Amino acid sequence: MAKEEGLEMEGTIVDTLPNTMFRVELENGHVVIAHISGKMRKNYIRILTGDKVKVELTPYDLTKGRIVYRAR
């Protein structure tokens with residue numbers, strides 16, 4: 001099976017939640033809950049409130065996502 005393509009959007013970290021989950025406000029105003037991707041976790045990328053991030057959303061559930069990139 002091929003990997004499904006997700007929607008990539010940019011947003012800002014609004015709140016830090018338990019279990020490395022974050023509340024992210026997207027550019028269009030929607031708020032989603034996202035977790036850190038495996039590569040970011042493996043490389044110890046730290047994410048703080050206010051950081052600009054790129055979030056990958058699945059087309060099936062637009063309220064949950066995965067943080068795939070943190071802007072400098």
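The values are calculated or read from the model by the stated rules, or taken from the named source; none is laboratory data. Just so we're clear, the structure is a prediction, and the values are computed from it rather than from any experiment. Cβ sites come from the backbone with ideal geometry, for glycine too, and all protein chains shown count toward neighbours.
Looking across the range 59-70, the residues that are loosely packed, with under 14 Cβ neighbours inside 10 Å and in contact (Cβ under 8 Å) with a residue 24 or more places away in the chain come down to Pro59, Leu62, Thr63. So is Ile45 at pLDDT 95 or above and not aromatic (Phe, Trp, Tyr) or not? Judged against the criteria, Ile45 is not a match. One residue alone among Gly6, Gly11, Gly50 is exposed (fewer than 14 other Cβ atoms within 10 Å of the Cβ) and in contact (Cβ under 8 Å) with a residue 12 or more places away in the chain, and that residue is Gly50.
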